[in-house]
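Each value in this text was obtained by applying a stated rule to the coordinates, not by laboratory testing. From a predicted model like this one, the values you see are computed outputs, not experimental measurements. Cβ: placed from backbone, ideal geometry, glycine included. Neighbour counts: every protein chain shown.
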Amino acid sequence: MLDARLVGAISEIFGLPRDDVNPKSGRDTIIGWDSVGHLKLILRVEEVFRLRFVSTQIPGLVSAAAIQEALDRLQK
Amino acid sequence: MNGDHERLTSVALLSTSSVQLIADALCMELRRFDWDVRIWQSGFNHYRQDVANPASSLYLERPHVVIVHLDGEDIFADRLRNPFDSAKDERAQQAEKAAHEVEYYVDLLCERLPDTLVVLNTVYLPPIHALTGVEYNSDWNLGDLAVHYNAELTRIRERHRNVLVHDVASLVMFAGYQRWVDPRLWHLARCRLSGEATKILARSLGALLRAWKGQTRKCLVVDLDNTLWGGVVGEDGIDGIELGEEGIGLAFAEFQEELAKLVRKGVLLAICSKNNEADALDVLRRHPSVRLREEAFAAWRINWRDKATNLRELAAELNIGLDSFVFIDDNAAERELVRTSLPDVLVPDWPQDPSGLKAALLDLAVRHFPRVSIIAEDQARTAMYRAEGQRRVLAASSGSLETYLRSLDMVAEIGFADGFSIPRIAQLTQKTNQFNLTTRRYTEADIRGMAADPATLVMWLRLRDRFADCGIIGVFIARQCNCRAWVIDTLLLSCRVIGRNVEDAFLAVACQALLGRGMKQLVGEHVPTPKNMPALDVYRRLGFELIQEIDGVTRWQLVISEKQIAIPEWIAVRLAAEGQYA
């Protein structure tokens, strides 16, 4: 289950309708989720959730599900 | 490139680090201010090649603005890696060498893109490094590299009229170095700046570019009680309000001091307050700690009517649009009323804590009243607008319009664009909306280019009357169309002098100048905008014939070899010698 704020961030950064965002949305399915788009999304998620990923995590956060999982761990 | 400014601004962003995030943020920031903008980026650490190669796509792009965004950690990478290696004298030389390298590329840019604005930035170095503690207690130092380098930027800027320096080092100090950098982004993507720093930088760059184009608000309207001083003067009395040299009173005094400095930079100040006018003016006239006397204000509405009505009246009195206003009030309900009824007026949230007032004002000024230069007209602006108020009193008592105009003792001085007048001419093309026949916006570089072109005539008009020297308030630009005809590209007058037939004198003298060049016909255009209706009738009134009308744009022609425009009797005309205006 994706947090609505994560859905909002993905939809905002990549200009997608919220309904099009699902756990499988990621680098392979979204046009614009390239290396720059990736950083923009990670920075936006950090801003919205007021947290900070460590540098080793960031390259692996390439799908909505992966980001949600990292958020769940950080927010425990 | 001249006419393109209204449509699209092309910005090239060159850097030693990856700037894609900055490019995105700058694009968003400028679009918020309705700029149509396209950003061209150099490859990572590729800026030298892009500038040096005359065939690079940078030059095909022909950008209006080139931002050379350089980072101290890249410029002085060797020194940061080997901080123990350089002696004191060598560091100054190293900084100068780095600046000379940048200067070489700036020279190339200015030569190949003579109309393009080049933006450089001051640099900073990490505040904590291997020499921390040793610096300033020995000959070893790193910080002085940035100090020397930044000082060189001023020299480079002075050599080129199209170069501006963006003081990024001060932004970093303001935000804090730890917030400014994000080592994760550097390691993963070669971006130096944090997400937050990227936004701050984009905001600041946006303000600099808007200042360069003259797109700033003009008038700051302030409330009085609990805004300009603490307490309510009607209840607490002049002795009871908080305004002084200690405690909370000092916070209000410092706030007033900053407002006074804004006036010196050319911002108009006005008052909109629910108060008894006599009580309020008494504070401005008599309070020992007041920093803003009556003369600091261009106009005021101090009464018990609603503030939206008062703001509309202020706009009419000052003859500027509501979209030039910023309104400050401590009362959230008043702010909301103005926001709702006058959406063009910018109404910022305002701190309740008096100790935050000065910082809030500085932030507001940087964002909405940005300046990259201050010219003589800016410093005298409030006096001009107050003189206009006195003229209105005279007009009301004069009976006929002609009696009034004769009593003003007007002297119009007219001259050709030169180094002294060009900044003001550009400023007028950027700011004038009402008596502006074509509303074409030009930068200083544009005007310089036209002034140097023998097929273009750029003239200015300066007006004095018995109340004030209004400074340069008129611009006439004509381009040669063919061997017999010239077309008026720009004819504008500051709104302060509309209705005095100054345009008659201006066009009459311009026609004489053109006749001297063997011209027979002069063609004028009126390109309608929502604001320039005051200028609609000028060509018909002065005897031009309508020759074309397409989509509301009218073209008018005068055969100047046959028909002369009369200079009104109440305006004395003097021709300025070149370079006379100062």
Hey, can you grab everything whose amide H is under 5 Å from the amide H of B:Q41? Only 5+ residues off in sequence or another chain; H modelled, so Pro and N-termini drop out. B:L13
Tell me which residues come under 5 Å, amide H to amide H, from B:V181 once H is placed; ignore anything under 5 positions away on its chain. B:S194
Rg to Rh quotient for the stretch B:127-225, alpha carbon positions, Kirkwood Rh: 1.08
For a label point 7 angstrom out from the Cα of A:L74 toward its Cβ, which stretches of the stretch B:182-217 have the backbone nitrogen within less than 11 Å? none
With +1 on each Lys and Arg Cβ and -1 on each Asp and Glu Cβ, and nothing else charged, work out how big the dipole of the protein assembly as shown is about its Cα centre, in Debye to the nearest 20. 1340 debye
So what J values fall out for the stretch B:429-436 if you push phi through Karplus, 6.51 cos²θ - 1.76 cosθ + 1.60 with θ = phi - 60°, rounded to Hz, Gly and Pro as x? 5, 7, 9, 7, 10, 7, 8, 9
Hey, any idea what Rg/Rh is for the stretch B:9-212, computing Rh the Kirkwood way over Cα pairs? 0.96
Taking every residue in A:37-47, how many Cβ atoms of other protein chains lie within 10 Å of its Cβ, on average? 4
Please report the spacing between the Cα centers of the stretch B:201-248 and the stretch A:54-73 in Å, no decimals. 45 Å
Note on chain B: C-alpha Rg/Rh, Kirkwood Rh, two decimals, gives 1.01
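Assuming R0 = 51 Å, what is the FRET efficiency of B:A359 and B:R62, from their Cβ-Cβ distance, to the nearest 0.05? Could you put the intermediate results ahead of the total?
Numbers: r = 40 Å, r/R0 = 0.79.
Efficiency at R0 = 51 Å is approximately 0.80.
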For the stretch B:270-279, take each phi angle, set θ = phi - 60°, evaluate the Karplus expression 6.51 cos²θ - 1.76 cosθ + 1.60, and give the result in whole Hz per residue in order, putting x for glycine and proline. 9, 10, 9, 9, 8, 6, 7, 4, 4, 4
Working note, the stretch B:396-575: Cα radius of gyration (Å, one decimal) and Dmax (Å, whole number) are 15.6, 50
Roughly what would the spin-label model give for B:E254 and A:V54, points 7 Å off Cα along C-beta, in nm? 4.2 nm
Each label point is 7 Å from the Cα along the Cα-to-Cβ direction; what then is the distance between the points at B:R157 and A:E47, in nm? 2.8 nm
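How large is the helix-only mean residue ellipticity at 222 nm for chain B, computed as the sum of -39500 (n - 2.57) over DSSP H runs with n ≥ 4, divided by its residue count, in deg cm²/dmol to the nearest 500?
-12000 deg cm²/dmol
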Compute and list, largest first, the equivalent-ellipsoid semi-axes of the protein assembly as shown from the alpha carbon gyration tensor, each √(5λ) rounded to a whole angstrom. 47, 34, 26
Cα convex hull of the stretch B:219-368 - mean projected area over all directions, nm²: 7.8 nm²
Name all residues of the stretch B:489-505 having a backbone nitrogen under 19 Å from the label point set 7 Å from the Cα of B:R574 along its Cα→Cβ direction, giving them as ranges. B:502-503, B:505
Considering the options B:A412, B:S355, B:L522, tell which one lies farthest towards the positive end of the dipole of the protein assembly as shown, charges being +1 on Lys and Arg and -1 on Asp and Glu at the Cβ, about the Cα centre. B:L522
Please give, to one decimal in nm, the separation of the simple spin-label points placed at B:E549 and B:N82, each 7 Å out from Cα toward the Cβ. 7.8 nm
Residue-by-residue Karplus 3J(HN,Hα) for the stretch B:15-27, coefficients 6.51, -1.76, 1.60, Hz, glycine and proline x: 7, 8, 10, 6, 10, 5, 5, 5, 4, 4, 5, 5, 4
Radius of gyration and Dmax over the Cα atoms of the stretch A:4-74, both given in Å: 10.8, 30
Going by how many other beta carbons lie within 10 Å of each one, how would you line up B:S561, B:S57, B:S273, fewest first? B:S57, B:S561, B:S273
Filtered hits (lysines, Cα-Cα < 20 Å from B:K274, offset >= 8 within chain) -> B:K307
Rounded to the nearest 5, the percent of antiparallel DSSP beta bridges in chain B equals 50 percent
For the pairs B:K199/B:K431; B:K218/B:K358; A:K40/B:K431; B:K88/B:K199, note any where the Cα-Cα span goes beyond 31 Å. A:K40/B:K431; B:K88/B:K199
When a footprinting reagent is the concern and you count Cβ atoms within 10 Å, what order do B:S355, B:S398 take, fewest first? B:S355, B:S398
Partner shielding of B:183-196, taken as the mean number of other chain Cβ atoms within 10 Å, equals 3
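Pull up the DSSP beta bridges for the protein assembly as shown and report the antiparallel fraction as a percent, rounded to 5.
Roughly 50 percent of the DSSP beta bridges within the protein assembly as shown come out antiparallel.
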Order of B:L281, A:L41 from fewest to most other C-beta atoms within 10 Å? B:L281, A:L41
Taking the alpha-carbon centroid of each part, what is the distance from the stretch B:495-530 to the stretch B:112-166 in angstrom? 47 Å
